[in-house]
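Single-structure report; data block below.
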Amino acid sequence: MKEQLKSIEERAREAVSAVTDLKALDELRVKLLGKKGELTAILKQMGKLSAEERPAMGQLANQVRSQLETMISDKTKALQEAAQNARLAAETIDITMPAKKPETGHLHPLKIVENEIREIFLGMGFSIADGPEVEYDYYNFEALNLPPDHPARDTQDTFYITDNILLRTQTSSVQVHVMETQKPPIRVISPGRVYRSDAVDATHSPLFHQVEGLVIDKGITMADLKGTLELLMQRLYGDDCKIRLRPHHFPFTEPSAEVDVMCFNCHGAGCRMCKNEGYIELLGAGMVHPWVLENSGIDSSVYSGFAFGLGLERIVMRRYQISDMRLLFENDVRFLEQFR
Amino acid sequence: MNLSMRWLGDYVKLDVTPKEFCSAMTMSGSKVEAFEEEKKRLEGFVVGKILSKRVHENADALFVCSVDMGGEEPVQIVTNAKNVKEGDFVPVATIGTTVTEGNQSMKIKAAKVRGVESRGMFCGLETLGLTQNDFPYADPESVFVLQEECKAGQDVASALGVDDVSVEFEITSNRPDCLSVIGLAREASATFNVPLTVNKPEFTGSDEDITKTLTVEIQNKEKCTRYCAGLVRNVKIAPSPRWMRERLRASGVRPINNLVDITNYVMLEYGQPMHAFDLRFVKGGKICIRNAQNGEKITTLDGIERELTDKMLIIADSEKPIAVAGIMGGEYSGIMEDTVDVVFESAYFEPVQVRQTSKKLGMRTDASARYEKGLDETSMPVTLARALQLVQELGAGEPVGTTIDENYSNPIPNHIPFDSKWINAFLGADIPESDMVKYLESLEIKVENDECIAPSFRIDLARPADIAEEVARIYGYNNLPSTVITGVAKAQLTPEQKFTRTIEETAVSVGCDGILTYSFTSPKAFDKINLPENSPLRNATTITNPLGEDTSVMRTTTIPSMLDILAFNYSKRNPKAWLYEVSKEYHPTEPDKLPTEPQVLTIGLYGSDADFFLLKGMVETVFDKCGVSGVNYIRPEKSDEKNAFHPNRSAEVYAGETYLGIMGEIHPDVLKTYGIGVRAYVAKIQIPELFSVANNEITYKPLPKFPAMTRDISLVCDETIPVGELETAISQAVGKSLEKIELFDVYQGEQIAKGKKSVSFSIIMRNAEETMTAEQADSAMKRVLKALTKLGANIRE
């Protein structure tokens, strides 16, 4: 019986190692360890053994059983692993093949920059105002201290609907609407379309976009204007961005300034991009003219404020190095798909 | 305004480079656009002295010259100029110099001319960028033989005195005083903190009483408050001296003759336009400043006959207009070769009057540009004296010692409160009061008893904020501190703004690219989209002065804008364009009132798998994201834009009674008109209406506790019955326990009778309070079948 047990162990070892698939292995397990299996058959002979022999033989039989079980379970693992590996190998794909991309669209580059500016100002506590594009002369000019026949009207070639109604030439028109309807403290920006009678070329369009800003409160200073614009430009162009203010004239601000931003290309040294200036003109700004405040019913001896207006196209074109403004209005999908 | 730096030097002494000057002036408020060093233009041009001249051995029309160029050896130059001779000084373009004649440029090289070496080129006026007005003695057709003090080898620029620097300023409309050399000198003096020296002009004239010859009558004393006139006898018309010509040229003004040049010179120097009349053409010796009569005519100096109206101010003699006040003189009133006696005018015309007249007549002149901004009412006698002084200095005639000054002006200097504390508080700065006073006084603004007194030439100064600006700009805007605004502000997007943002985000997420189209369009666009003749949408807000027909009306529908862009992309052979725009339409209301400007979402598609249902899916995704439910699609009826669409592949979209918009496949005719060679799809959704039906209050619904019951059903019905009707019937029949109906198949073909279709639905039902039983589901399905049978839909066997 001892020999039988030894022999079964040896045969089993050979048989298990020869098995190549799980099914055959299971059959082998049944054959060896099953109720009608070989080991069971041998154990059935236990009864014929003497009482002295029985414990030793029992122990041996259990050892053999346990070894057979381990053998089979190890082999099962090995075969499972091999099968898994084979499957993984068979499932090899070419990862350089094109992706299945879900179709998503793209925001227009102008919208991207506008959204960014909105967020910057929302973060600074500004709300967003809207105003009509077809506008009364009053809001676009007169209430901004540009009476009829004011020479400064010449700088803005205006589209007229009637003598009294026009396409707004500047988002500054929204200033007046805001002051008429809100009491200080006021902190708003107003992005939108403006119109000037300029023929289309690489740097002009009869329709373009501005973002107007207006702040009115007690104790607002020109230094606040400077600080706010610096913050805006640093958020837009990075912390090392520098601006400079040049005195200028707008009838609705006093003092007035044109604001230049340090050339991104040469950092102030002067290059072709900035026409050797080191700076690029970006926006107009100033302290709200007391006449404008009073005309809108705000006491200029109590309140002061600042306003600014920046051209979006210019910022967009600089940011993405777009040299021709027409691209923004042509809407070629090959152009649009480049922005995100 | 172009400024001659040499001229500026008469008034302020500066020791800075042109670049430093330009930069500092810009930062103190006089913006420099550009500057040009004249001598740069003449680099490479050198004075040569002709040592000998002989006829070319191989060509009779050419000459070979030996020229002293200041070097050790003379240089040989071949020329065709007959007017040069031994001993002459001529400008020579040396080897390597680029020479421009007319539109052609060439670089001078050592060359053989008919076998004889030539190392340079003699130049005429044109080659040097000059005209005979600059050097009247020169022969304009040939080589410029110099009569200037010069020596061989000298730069032509210095020999001719063209070594000035011309600085181009952009002067804003509030500072007409800076449209003058003295005005800019004053700014320079304040900017660089150096003294300004302006002498009062004086002249010695004859004892003659001007009023015996000339009378001045101002009829319209409101529009002309001051008129000064002077008389010069026996003028000698000649070229002005070189220094004057150079300064005029550097200022961008063409020299003409001494008398005309003097008027221009004084205008540039003081900013006050001057006019000179030939006394012969001032009939009756009478100058009258009056309104023109309607229909009165004048032929102006530029030779154009102009009809005047009674709103226009003119200078007239006893018979007729001789000048349009402040704008331009009449044809025969100017200075001519045989002019003997000249009347000088220096006057103040009211700005709005000049501006209106100049606009109406379509004439902008240097004079009108100054008058319309407002001049210094005290400067007329000074500038007249300056003109007469120059006449005397130039020997251009004999000034009469007496002058006329008809003065109805009453300029009261503006007194403005001066409060250094307020200025510092307003600027957010800490500038010492003494510095402020220094800045202001350098600009000739007097500070006395807490008041600023604005000089007469600064009509722009009226309020404390104006004084703050003067202080700030001389102190330097960039020296101001930068601070953060304090105080509380509540910033948030309005519900409408958030709504629009959601729409845009959704449009992008479903695959559309954002576009940007013009708000104006062509009236022809209405025809292109088949808008009915009587459609109210054809009534558009019209621009009276458009750039062209294509951009002449404000759009009442965005559909043409979208089609334009689809067509553009198609023309670029882009295989696919899925686009959207959130933008405005402009709908007129009443005459003289503003149009409404509602926002619309426009989606436009062609290519890839675009079809009606993709478009519908995009629109519905937008609705879902916006919290809009219960939307119906019906065959277009109401919208005038329906003719732009395929009649059987388009829909009007409603939420209840609210019209939300129109969508569908574009009509083949319209596609053809736009040149789009594929099917294209457009949806236009009205954002305010969409907002009005949106519900953005989200309340959590408990997750279902009990299982759902699903029953599939296949029906056969007439092909004309819309799926929507079947769904409505099912929904009503099932009632409350209906969770969802899913269409999973529509079939027409062999298995189905002609004119019929098979439609299959999954009906998902669930009870909120208990597990739905099979009996409950069966009973619901019985109701469904009954309802469907009524519609003529039966179970497919």
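Considering only strands (runs of 3 or more DSSP E) fully contained in the stretch A:250-340, which possess at least 1 residues that are of a type in the set (Asp, Glu)?
Fully inside the stretch A:250-340 and qualifying: A:253-262, A:279-288.
Is one or more of the residues making up the stretch B:241-256 surrounded by fewer than 21 Cβ atoms within 10 Å (Cβ to Cβ), touching a strand residue (DSSP E or B) at 6+ places or on another chain (Cβ under 9 Å) and either closer than 18 Å to B:GLU345 by Cβ or among the basic types (Lys, Arg) (or both)?
No: the stretch B:241-256 contains no residue that is surrounded by fewer than 21 Cβ atoms within 10 Å (Cβ to Cβ), touching a strand residue (DSSP E or B) at 6+ places or on another chain (Cβ under 9 Å) and either closer than 18 Å to B:GLU345 by Cβ or among the basic types (Lys, Arg) (or both).
If B:SER368 passes every condition in (1) in contact (Cβ under 8 Å) with a residue 40 or more places away in the chain; (2) out of contact with any Phe, Trp or Tyr (no Cβ under 8 Å at 6 or more places or on another chain); (3) within 27 Å of B:ASP177 (Cα to Cα); (4) in a loop (DSSP other than H, G, I, E, B) but one, which one does it miss?
Result: B:SER368 fails condition (4) only.
Out of all the residues in the stretch B:431-444, is one or more in a loop (DSSP other than H, G, I, E, B) and surrounded by fewer than 16 Cβ atoms within 10 Å (Cβ to Cβ)?
yes
Of these, B:THR521, B:THR541, B:THR551, B:THR517, which one is surrounded by 20 or more Cβ atoms within 10 Å (Cβ to Cβ), touching a Lys or Arg at 6+ places or on another chain (Cβ under 6 Å), within 12 Å of chain A (Cβ to nearest Cβ) and not acidic (Asp, Glu)?
B:THR521 is the lone residue from the list that is surrounded by 20 or more Cβ atoms within 10 Å (Cβ to Cβ), touching a Lys or Arg at 6+ places or on another chain (Cβ under 6 Å), within 12 Å of chain A (Cβ to nearest Cβ) and not acidic (Asp, Glu).
(1) away from every other protein chain (no Cβ under 12 Å); (2) farther than 30 Å from A:GLY123 by Cβ; (3) in contact (Cβ under 8 Å) with a residue 60 or more places away in the chain: which one isn't true of B:PRO495, the others all being true?
Result: B:PRO495 fails condition (2) only.
When residues of the stretch A:227-262 are filtered for being over 27 Å from A:TYR303 (Cβ atoms) and at the interface with another protein chain (Cβ under 7 Å from one of its Cβ atoms), how many remain?
So the answer is 1.
Residue-wise test of (1) touching a strand residue (DSSP E or B) at 6+ places or on another chain (Cβ under 7 Å); (2) surrounded by fewer than 19 Cβ atoms within 10 Å (Cβ to Cβ); (3) farther than 23 Å from B:LYS576 by Cα; (4) not aromatic (Phe, Trp, Tyr).
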position	(1), (2), (3), (4)
B:TYR606	yes, no, no, no
B:CYS626	no, no, yes, yes
B:ASN643	no, yes, yes, yes
B:VAL653	yes, no, yes, yes
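Any chance the stretch B:229-237 includes a residue that's among the polar types (S, T, N, Q), assigned to a loop (DSSP other than H, G, I, E, B), on the phi > 0 side of the Ramachandran plot and touching a residue at least 24 places away in the same chain (Cβ under 8 Å)?
Yes, the stretch B:229-237 has at least one match.
How many residues are outside any loop (DSSP other than H, G, I, E, B) and closer than 20 Å to B:PHE135 by Cβ if we restrict to the stretch B:87-120?
8
Do you know which of the residues in the stretch B:463-488 that are of a type in the set (A, V, I, L, M) and surrounded by fewer than 16 Cβ atoms within 10 Å (Cβ to Cβ) is nearest to the chain's Cα centre (by Cα)? Lay out the reasoning, then the answer.
Our first condition is that a residue be of a type in the set (A, V, I, L, M); within the stretch B:463-488, this holds for B:465, B:467-468, B:471-472, B:474, B:480, B:484-485, B:488.
Checking which are surrounded by fewer than 16 Cβ atoms within 10 Å (Cβ to Cβ) leaves us with B:484, B:488.
Values: B:VAL484: 33, B:VAL488: 38 Å.
Of everything passing the filter in the stretch B:463-488, B:VAL484 is nearest to the chain's Cα centre (by Cα).
Please go through the stretch A:113-127 and pick out each residue that is within 9 Å of chain B (Cβ to nearest Cβ), out of contact with any Gly (no Cβ under 9 Å at 6 or more places or on another chain) and surrounded by fewer than 18 Cβ atoms within 10 Å (Cβ to Cβ).
Correct list: A:ASN115, A:LEU122, A:GLY123.
Which numbered condition trips up B:GLU170, out of (1) farther than 30 Å from B:PRO74 by Cβ; (2) buried (at least 17 other Cβ atoms within 10 Å of the Cβ)?
Only one criterion is unmet by B:GLU170, namely (2).
Within the group B:GLY102, B:GLY124, B:GLY115, B:GLY96, which residue is surrounded by 15 or more Cβ atoms within 10 Å (Cβ to Cβ) and not charged (D, E, K, R)?
Among B:GLY102, B:GLY124, B:GLY115, B:GLY96, only B:GLY124 is surrounded by 15 or more Cβ atoms within 10 Å (Cβ to Cβ) and not charged (D, E, K, R).
Conditions (1) at positive phi; (2) of a type outside the set (Lys, Arg), marked per residue:
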| residue | (1), (2) |
| --- | --- |
| B:ASP376 | no, yes |
| B:LEU390 | no, yes |
| B:GLY397 | yes, yes |
| B:ASN414 | no, yes |
| B:ASN424 | no, yes |
| B:TYR439 | no, yes |
| B:VAL447 | no, yes |
| B:ARG458 | no, no |
| B:ARG463 | no, no |
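Could you grab me the full set of residues in the stretch A:188-226 that are assigned to a loop (DSSP other than H, G, I, E, B) and facing chain B (nearest Cβ under 9 Å)? Spell out the reasoning first.
Let us first name the residues in the stretch A:188-226 that are assigned to a loop (DSSP other than H, G, I, E, B), namely A:196-206, A:218-221.
Result: A:SER197, A:ASP198, A:ALA199, A:VAL200, A:SER205, A:PRO206, A:LYS218, A:GLY219, A:ILE220, A:THR221.
Closer than 21 Å to A:LEU245 by Cα and either of a type in the set (Val, Ile, Thr) or within 11 Å of chain B (Cβ to nearest Cβ) (or both), is that true of A:ASN265?
So A:ASN265 does not fit the description; no.
Filter the stretch B:739-773 down to residues that are aliphatic (A, V, I, L, M) and at pLDDT 90 or above and give me whichever is farthest from B:ILE721 (Cα to Cα). Please lay out each step first, then the result.
The initial filter retains those residues of the stretch B:739-773 that are aliphatic (A, V, I, L, M), namely B:741, B:743, B:746, B:752-753, B:759, B:763-765, B:768, B:772.
With at pLDDT 90 or above added as a condition, the list becomes B:741, B:743, B:746, B:759, B:763-765.
Numbers: B:ILE741: 17, B:LEU743: 14, B:VAL746: 12, B:VAL759: 10, B:ILE763: 19, B:ILE764: 22, B:MET765: 24 Å.
Filtering the stretch B:739-773 for residues that are aliphatic (A, V, I, L, M) and at pLDDT 90 or above, the one farthest from B:ILE721 (Cα to Cα) comes out as B:MET765.
If B:ILE503 satisfies all but one of (1) at pLDDT 95 or above; (2) in a loop (DSSP other than H, G, I, E, B); (3) not hydroxyl-bearing (Ser, Thr, Tyr), what's the number of the condition it fails?
Among (1) at pLDDT 95 or above; (2) in a loop (DSSP other than H, G, I, E, B); (3) not hydroxyl-bearing (Ser, Thr, Tyr), B:ILE503 violates only (2).
The values are calculated or read from the model by the stated rules, or taken from the named source; none is laboratory data. The shown structure was predicted, so the numbers you read here are calculated from the model rather than taken from an experiment. In this analysis, Cβ positions are derived from the backbone assuming ideal geometry, glycine residues included, and neighbour counts consider all displayed protein chains.
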